[in-house]
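The values are calculated or read from the model by the stated rules, or taken from the named source; none is laboratory data. Treat the numbers as computed from the prediction; the structure is a model and nothing was measured. No Cβ is skipped: glycine too gets one built from the backbone with ideal geometry, and neighbour counts run over all protein chains shown. With ligands, DNA and RNA removed, areas are computed over all heavy atoms of the protein, side chains included. Shrake-Rupley method; radii C 1.70, N 1.55, O 1.52, S 1.80 Å.
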Amino acid sequence: MSETCVIVLGNMDDAVGLDKEVDYIGADRGAFLLAQKGIHFSYAIGDFDSVTEMEMDRIQEFAGHVIRLNPIKADTDAKLAVDLALAQDYKEIHILGGLGGRLDHELVNERLCYLNPGIVTLHDGQNTIFASKENVLFHQKKGYISFFTFETACISLQGFAYPLVHQSLTALDLYTVSNELCEEEGELIVHSGCVLVMESKDRKKSAHSV
């Protein structure tokens, strides 16, 4: 068993990017996407209201275990998939397909990162989102880094275009969006609280863009 788990909720083409051995969990339609690619995975979990019976047969062919949930439930399939992965004692949990769809589910997925700092990370082709209570070192690359909190935090930023020193951050603060590294390395120093970190890059323009 790997220490790293990838939970697939939806599109996984842009963001696999994990050069290590991983175990997969398919959540609802994400389980069918794994099966469609011929990937054997540890668990399929969800109410599966978004798959046909034929697709469900395909899921059962590739899933080690299938956990079929009642559609009337308090939590999202993503939340229950994360709970399952945590119960299996994975040290890293990466979520694919959790961004760019329904905004209410996207917000839940961001909070899953915040509630599991240092463990849960969201990925898509443009963004990597995680939370930390510890200091984080960043290396120079193109893109933007934003910092938010759902509660309160105190942070410093070193090596950034917009540095901060023991700055109090609240859930209503917006000025910490779209910062950039100005040195080869930059550091987020978390003096207190928990910080949601969003590493983002602009969408690539297609060859036909004007």
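Miscellaneous remarks
- Selected residue (criterion: modelled with the lowest pLDDT) from residues of the stretch 1-36 that are acidic (D, E), surrounded by fewer than 24 Cβ atoms within 10 Å (Cβ to Cβ) and touching a Ser or Thr at 6+ places or on another chain (Cβ under 9 Å): E21
- Test result for L169, touching a helix residue (DSSP H, G or I) at 6+ places or on another chain (Cβ under 8 Å), assigned to a strand (DSSP E or B) and either open to solvent by less than 10 Å² (accessible area, probe 1.4 Å) or closer than 18 Å to H123 by Cβ (or both): no
- Scan of the stretch 149-200 for residues that are on the phi < 0 side of the Ramachandran plot, among the small types (G, A, S) and touching a residue at least 24 places away in the same chain (Cβ under 8 Å), ordered by number: A153, S156, G186, S192, S200
- Qualifying residue in the stretch 1-15 (condition: closer than 19 Å to T128 by Cα, touching a residue at least 40 places away in the same chain (Cβ under 8 Å), within 16 Å of the chain's Cα centre (by Cα) and part of a helix (DSSP H, G or I)): no
- Just so you know, in the stretch 67-94 the residues that are out of contact with any helix residue (DSSP H, G or I) (no Cβ under 6 Å at 6 or more places or on another chain) and among the β-branched types (V, I, T) include one that is least open to solvent (accessible area, probe 1.4 Å), and it is I67.
- Residues in the stretch 152-166 that are more than 11 Å from C194 (Cα to Cα), outside any loop (DSSP other than H, G, I, E, B) and open to solvent by 50 Å² or more (accessible area, probe 1.4 Å): Q158, V165, H166.
- Residue in the stretch 37-58 that is outside any loop (DSSP other than H, G, I, E, B), open to solvent by 50 Å² or more (accessible area, probe 1.4 Å) and either touching a residue at least 24 places away in the same chain (Cβ under 8 Å) or touching a Cys at 6+ places or on another chain (Cβ under 9 Å) (or both) present: yes
- Here the condition is being within 20 Å of the chain's Cα centre (by Cα), open to solvent by 30 Å² or more (accessible area, probe 1.4 Å) and under 30 Å from C5 (Cα atoms); of S192, S146, S132, S200, it holds for S200 alone.
- Hits in the stretch 98-140 (condition: modelled with pLDDT of 90 or more and in a loop (DSSP other than H, G, I, E, B)): N116, P117, G118, I119, K133, E134, N135
- Lone unmet requirement of (1) in contact with a Phe, Trp or Tyr (Cβ under 7 Å, 6 or more places away or on another chain); (2) at pLDDT below 95; (3) over 20 Å from R111 (Cα atoms) for S200: (3)
- Qualifying residue in the stretch 120-128 (condition: closer than 21 Å to S168 by Cβ, under 15 Å from the mean Cα position of the chain (by Cα) and of a type outside the set (A, V, I, L, M, F, W, C)): no
One line per residue, one yes/no per condition, for (1) farther than 23 Å from V22 by Cβ; (2) modelled with pLDDT under 95:
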residue	(1), (2)
E53	yes, yes
M56	yes, yes
P71	yes, yes
A74	yes, yes
A85	no, no
K91	no, yes
